[in-house]
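Undergrad: If you scroll down you'll find the structure; I have some questions about it.
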Amino acid sequence: MKNNSDKMSAAPVGKLMLSMGIPMIISMVLQAVYNIVDSAFVSNMAFDGEAALNALTLAFPLQILMVAVGIGTGVGANVLVAKSLGMGNGKRADKAAGNAVFLAVMIYVLFLLFGLFGAEAYIRSQTENPIIAQMGTDYLKICCIFSFGMSLFAVYEKLLQSTGRSLFSTIAQIAGAVTNIILDPILIYGWFGFPEMGVKGAAYATVMGQIVSFVTALVFHLKVNKEIHNDICNFKPSLAVIKDIYSIGLPAIISQALISVMTYGLNLIFGSISEAMVTAYGLYYKIQQFLLFAAFGMRDAIMPVTAFSCGMGDRNRVRECVKYGQIYTVVIMLAGFIIIELFAVPFSDIFGLSGETQQLCISAMHIISICFVFAGVNIAFQGVFQAMDGGMESLIISVCRQVLFIFPFALIFAKIAKADPDMIRLSWATFPIAEIITAVIGVILFRRLIKKAVS
């Protein structure tokens with residue numbers, strides 16, 4: 001226990017952030033696997049593969065919302081536990097961990113109810129195609145009704161990360177991802193005597209993978225997180241503790257939830273141009289998730305290290321956290337830009353696309369990837385802001401890059417595309433414009449916050 005705290009307080013920041021960040025990056029990238037593996041298998045179904053891919057695209061915003069609420073709650077617990085341990089306040093850390101688990105259960109109940117009573121209306125609000133609507137409804141209902149694995153894993157993963165044990169959370173994520181990958185073709189195509197379940201099989205494979213991740217993370221938490229005591233009294237809800245969790249985690253929830261709002265809104269905007277545009281965008285977004293989630297993994301390493309340093313009151317160490325966090329995140333996204341530009345065509349081939357849909361997907365990869373470095377800067381700023389109690393600054397970044405500068409430009413470019421179909425690819429320029437403007441705003445906000453927090 002003592003050795004782990006010593007590592008958080010005294011290890012060189014660059015080395016510490018990298019050692020914690022690599023497992024978190026792997027964990028987040030594997031989280032993206034849940035979304036893209038399903039798409040890869042259903043798109044290659046013998047019948048209605050592209051319709052099934054479109055159905056998963058329509059369900060995707062709600063899945064992102066579920067992840068947003070779970071991870072945001074976990075982020076709040078992560079920072080609160082890390083900061084409390086840095087201050088030597090073990091009781092506060094215990095209470096934060098217990099209340100986070102209570103909140104995860106409540107989150108599951110909410111999405112269970114949505115799955116039972118709201119999934120169909122949500123899917124049908126985005127399409128008039130009855131085949132796509134039925135597939136999307138079937139898939140989303142299963143993901144919601146059995147979402148307890150996702151919500152509870154999101155919390156236990158962050159509790160492991162809060163004490164510097166990100167390797168264990170990565171192992172749990174790997175266990176779930178492997179389960180999902182193995183079960184997908186078995187349940188979708190009906191291998192080994194199982195019934196051919198199509199998109200329902202993809203959904204069952206996803207939730208089974210999430211449950212495996214949750215159980216594995218829970219076992220690790222109980223065995224290795226010795227700094228945290230799991231007394232039953234710590235699970236009793238405390239308004240003060242819940243308020244502290246969400247004062248940190250709410251910006252993270254909103255940040256992730258805005259992705260849901262963005263993708264839902266863009267499904268409607270791009271759908272007004274063509275059905276192929278929606279499919280191409282949904283597939284591209286899942287491909288780029290591997291890179292964005294890698295940046296999110298580094299952001300998740302920035303937060304506990306910076307929060308622990310803030311709890312110690314070590315200003316020089318906080319500055320080191322900011323420097324290395326930005327450098328590492330930008331390097332990740334620069335590598336992502338190169339990979340996407342080089343392998344855009346092979347990536348599209350994996351999903352069996354053809355014709356207009358494939359060409360739109362390829363053009364999306366070439367154009368949108370221009371913004372990756374700027375997106376990395378913005379994501380790193382969010383981690384720094386959250387760790388330094390700059391929740392409002394983090395929220396501003398999220399709103400700017402995912403709503404404020406996205407929808408106006410998307411609507412403008414959609415209008416141009418409908419007037420001149422040859423200009424349809426111009427719509428992808430929405431994303432670089434939004435990220436570049438937001439990065440400029442992020443620099444301004446950071447200069448103000450750093451003077452206030454560590455001057």
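Undergrad: Could you tell me whether any residue of segment 386-404 is more than 22 Å from the chain's Cα centre (by Cα) and under 30 Å from V42 (Cα atoms)?
TA: The answer is no, given that none of the residues of segment 386-404 is more than 22 Å from the chain's Cα centre (by Cα) and under 30 Å from V42 (Cα atoms).
Let's see how each residue does on (1) of a type in the set (V, I, T); (2) under 30 Å from M20 (Cα atoms):
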{"site": "L110", "(1), (2)": "no, no"}
{"site": "F114", "(1), (2)": "no, no"}
{"site": "S125", "(1), (2)": "no, no"}
{"site": "I132", "(1), (2)": "yes, no"}
{"site": "G136", "(1), (2)": "no, no"}
{"site": "L140", "(1), (2)": "no, no"}
{"site": "S147", "(1), (2)": "no, yes"}
{"site": "L159", "(1), (2)": "no, yes"}
{"site": "G164", "(1), (2)": "no, yes"}
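Undergrad: Output the residue which, of all residues in segment 141-164 that are crowded, with 24+ Cβ neighbours inside 10 Å and either in contact with a strand residue (DSSP E or B) (Cβ under 9 Å, 6 or more places away or on another chain) or among the small types (G, A, S) (or both), is farthest from M298 (Cα to Cα).
TA: Among them, the one singled out is S147.
Undergrad: Another question about this same structure. Quick one: which residue in S213, S255, S260 is closer than 23 Å to N129 by Cβ and either crowded, with 23+ Cβ neighbours inside 10 Å or not β-branched (V, I, T) (or both)?
TA: Every option except S260 fails the conditions.
Undergrad: Of (1) free of Cβ contacts under 8 Å to residues at least 24 places away in the same chain; (2) farther than 18 Å from G313 by Cα, G88 satisfies all except one. Which?
TA: Here G88 clears every test but (2).
Undergrad: Here's a check for you: in segment 175-219, which residue that is in a helix (DSSP H, G or I) and aromatic (F, W, Y) is nearest to D94 (Cα to Cα)?
TA: Start the filter on segment 175-219 by keeping residues that are in a helix (DSSP H, G or I), which leaves 175-189, 191-193, 199-219.
Filter once more, so that each one left must be aromatic (F, W, Y): 189, 191-192, 204, 214.
On the way: Y189: 45, W191: 46, F192: 46, Y204: 34, F214: 19 Å.
Going through the qualifying residues, I end up with F214.
Undergrad: Give the residue, chosen from M45, M8, that is touching a helix residue (DSSP H, G or I) at 6+ places or on another chain (Cβ under 8 Å) and over 27 Å from T279 (Cα atoms).
TA: Of M45, M8, the one residue that is touching a helix residue (DSSP H, G or I) at 6+ places or on another chain (Cβ under 8 Å) and over 27 Å from T279 (Cα atoms) is M8.
Undergrad: Given the criterion more than 27 Å from L250 (Cβ to Cβ), of a type outside the set (V, I, T) and surrounded by 23 or more Cβ atoms within 10 Å (Cβ to Cβ), identify the matching residue among L53, L85.
TA: The unique qualifying residue is L53.
Undergrad: For residues in segment 338-354 being surrounded by fewer than 22 Cβ atoms within 10 Å (Cβ to Cβ) and in contact (Cβ under 8 Å) with a residue 40 or more places away in the chain, which is nearest to L53 (Cα to Cα)?
TA: Residues of segment 338-354 surrounded by fewer than 22 Cβ atoms within 10 Å (Cβ to Cβ): 338-339, 341-347, 349-350, 352, 354.
When the remaining residues are screened for being in contact (Cβ under 8 Å) with a residue 40 or more places away in the chain, the result is 339, 347, 350, 352.
Details: I339: 24, F347: 15, I350: 13, G352: 11 Å.
Top of the filtered list is G352.
Undergrad: Show me the helices (runs of 4 or more DSSP H) entirely contained within segment 375-455 in which 1 or more residues are within 18 Å of P251 (Cβ to Cβ) and small (G, A, S).
TA: Ranges flagged: 391-399, 430-454.
Undergrad: Given the residues L268, L222, which is the only one that is under 29 Å from K91 (Cβ atoms) and either hydrophobic (A, V, I, L, M, F, W, C) or touching a residue at least 60 places away in the same chain (Cβ under 8 Å) (or both)?
TA: Of L268, L222, the one residue that is under 29 Å from K91 (Cβ atoms) and either hydrophobic (A, V, I, L, M, F, W, C) or touching a residue at least 60 places away in the same chain (Cβ under 8 Å) (or both) is L222.
Only the coordinates and a few stated rules stand behind these numbers; no lab work does. Note that this is a predicted model, so its numbers are computed, not measured. Note that we place each Cβ from the backbone using ideal geometry, even for glycine, and neighbour counts take in every protein chain shown.
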